[in-house]
Amino acid sequence: MNTRIVALAGVIGLVCLAAVPVAGQSTTAAARGSATADPWSPPRTAWGDPDLQGIWPSANIAGTPFERPTQFGDRRLLTDEEFAARQKEFSANEARVRGTIAEGAKVAPPPDGDTGGGPAHWGEGWLRTPNKMTSLISDPPNGRFPTVTPEGQHRAANSWRSSFGDGPWHAPEDLGPYDRCISRGLLGSMFPSAYNNGNQILQAPGLVAIRNEMVHETRIIPLDGRPHVSTALRGYMGDSRGRWEGNTLVIETTNFNGRFGARGNGNNNPMSTALRVVERFTRVDADTLQYEITVEDPGTWTKPWTVTYPMRQDPDYIMFEYACHEGNYGMTNILSGARADEAKK
């Protein structure tokens, strides 16, 4: 942990001293999937790399379906009429949430004591900006997950029983990393969610650091061509190696521990240790970063799948501490509740 903190401090220090953007030195096409055909030259760091630095929240597309509703088939964009309906829906939801926030202090908890998922203002979904995408998944063409393998189905069933079903909950190990506030994994940290959608990129010569607001994860990624570490070393965020392909930052990550999922903030459908992830970051204009991630896990899905969406730069966005930690109320209450149920039998 100390090494990680020192390394990140070094990245930030180098960025502060050296990362002065200068004019772009080459011209590239816009990112894959972008609607514009005009070439755009991104700014450069002082050492010549495309400058991707900044805070890039993804809250603006948090309301886009992850999987495409079947009625849209292979169509990736809404029609103007469908988009108008989505705008109306989003506006109504925002008005409803603002009203709930205003009246929240006057509303008593329900009789059964279930307060739900917390106050409405905890979420960011009501702040989202409507867009025309029919799904975050861009491949397969139907915008839906490939078939899950039998092994993947078995892991998903066990995970569901732990977080949402009947347990058992004998010890902390019976709960997943989500419930224990350990990590959301790489996918759960990057994909848009109900809250904590900030993503910050810092650069230094030969290094890129990506900091996620979701569970305060930080990856420090070398760009010097070094190989991945031994497969004996595995983690929630894996082992990342990066390279430049033109103006696109490509990051390949392996060495996952197989303890987090692809959706639900990393809280369902745990993937296998065979997982391999390839991310692509392309700055397509001054305020837009196109993000593409391809997920390959033969232990979970019969073929790879890809998610694509834009992130908008927001210099005023503040990334607060995510204070959930292992040993917090959720885990201890689940275990103590299970012991209380056992005592009644």
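The values are calculated or read from the model by the stated rules, or taken from the named source; none is laboratory data. Predicted, not measured: the structure shown is a model, and the values here were computed from it. Note that each Cβ is placed from the backbone with ideal geometry, even for glycine, and that neighbours are counted across all protein chains shown.
So that you can scan it fast, the table gives a plain yes or no per residue for (1) of a type outside the set (A, V, I, L, M); (2) touching a residue at least 60 places away in the same chain (Cβ under 8 Å):
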position	(1), (2)
D166	yes, no
W169	yes, yes
Y178	yes, yes
C181	yes, yes
L186	no, yes
M190	no, yes
G206	yes, no
H216	yes, yes
P222	yes, no
Original post:
Before we move on, is P141 part of a loop (DSSP other than H, G, I, E, B) and at pLDDT 90 or above?
Top reply: yes
**OP:** Please work out which one of (1) of a type in the set (S, T, N, Q); (2) more than 16 Å from I55 (Cα to Cα); (3) surrounded by 15 or more Cβ atoms within 10 Å (Cβ to Cβ) is the condition N199 fails and give its number.
**Re:** (2)
Subject >> Sole residue being over 25 Å from H154 (Cβ atoms), among the aromatic types (F, W, Y) and touching a His at 6+ places or on another chain (Cβ under 9 Å), chosen from Y317, Y329, Y309, Y322 >> reply: Y322
Original post:
Filtering the range 147-159 down to residues that are outside any loop (DSSP other than H, G, I, E, B) and exposed (fewer than 15 other Cβ atoms within 10 Å of the Cβ), which residue is farthest from the chain's Cα centre (by Cα)?
Top reply: P150
**OP:** Could you tell me whether the range 164-173 includes any residue that is at pLDDT below 85, surrounded by 13 or more Cβ atoms within 10 Å (Cβ to Cβ), closer than 30 Å to L335 by Cβ and of a type outside the set (D, E, K, R)?
**Re:** yes
Original post:
Going through the range 192-215 one residue at a time, which ones are of a type outside the set (S, T, N, Q) and within 12 Å of the chain's Cα centre (by Cα)?
Top reply: P192, A194, Y195, G198, I210, R211, E213, M214, V215
**OP:** Would you mind stating whether G238 is farther than 23 Å from R44 by Cα and in contact (Cβ under 8 Å) with a residue 24 or more places away in the chain?
**Re:** yes
**OP:** Could you identify the single residue in N269, N265 that is within 20 Å of T147 (Cα to Cα) and modelled with pLDDT under 95?
**Re:** N269
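Here is a yes/no grid of residues against (1) more than 30 Å from F164 (Cα to Cα); (2) acidic (D, E); (3) assigned to a loop (DSSP other than H, G, I, E, B); (4) at pLDDT 95 or above:
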site: S193; (1), (2), (3), (4): no, no, yes, no
site: V215; (1), (2), (3), (4): no, no, no, no
site: H228; (1), (2), (3), (4): yes, no, yes, yes
site: R241; (1), (2), (3), (4): yes, no, no, yes
site: V250; (1), (2), (3), (4): yes, no, no, yes
site: T273; (1), (2), (3), (4): no, no, yes, yes
site: R280; (1), (2), (3), (4): yes, no, no, yes
site: T294; (1), (2), (3), (4): no, no, no, yes
Original post:
Given the residues V215, V229, which is the only one that is crowded, with 17+ Cβ neighbours inside 10 Å, among the aliphatic types (A, V, I, L, M) and over 19 Å from Y309 (Cβ atoms)?
Top reply: V215
**OP:** Give me the pairs, please: first residue somewhere in the range 56-80 and aromatic (F, W, Y), second residue anywhere and at pLDDT 95 or above and assigned to a loop (DSSP other than H, G, I, E, B), beta-carbon distance under 7 Å, and either six or more positions apart or on two chains.
**Re:** W56/Q313; F66/S135; F66/L136; F72/T134
**OP:** Among residues belonging to the range 60-78 that are in contact with a strand residue (DSSP E or B) (Cβ under 9 Å, 6 or more places away or on another chain) and hydrophobic (A, V, I, L, M, F, W, C), point out the one that is nearest to P130 (Cα to Cα).
**Re:** I61
Original post:
Any chance the range 175-185 includes a residue that's among the small types (G, A, S) and either surrounded by fewer than 17 Cβ atoms within 10 Å (Cβ to Cβ) or within 20 Å of R243 (Cβ to Cβ) (or both)?
Top reply: no
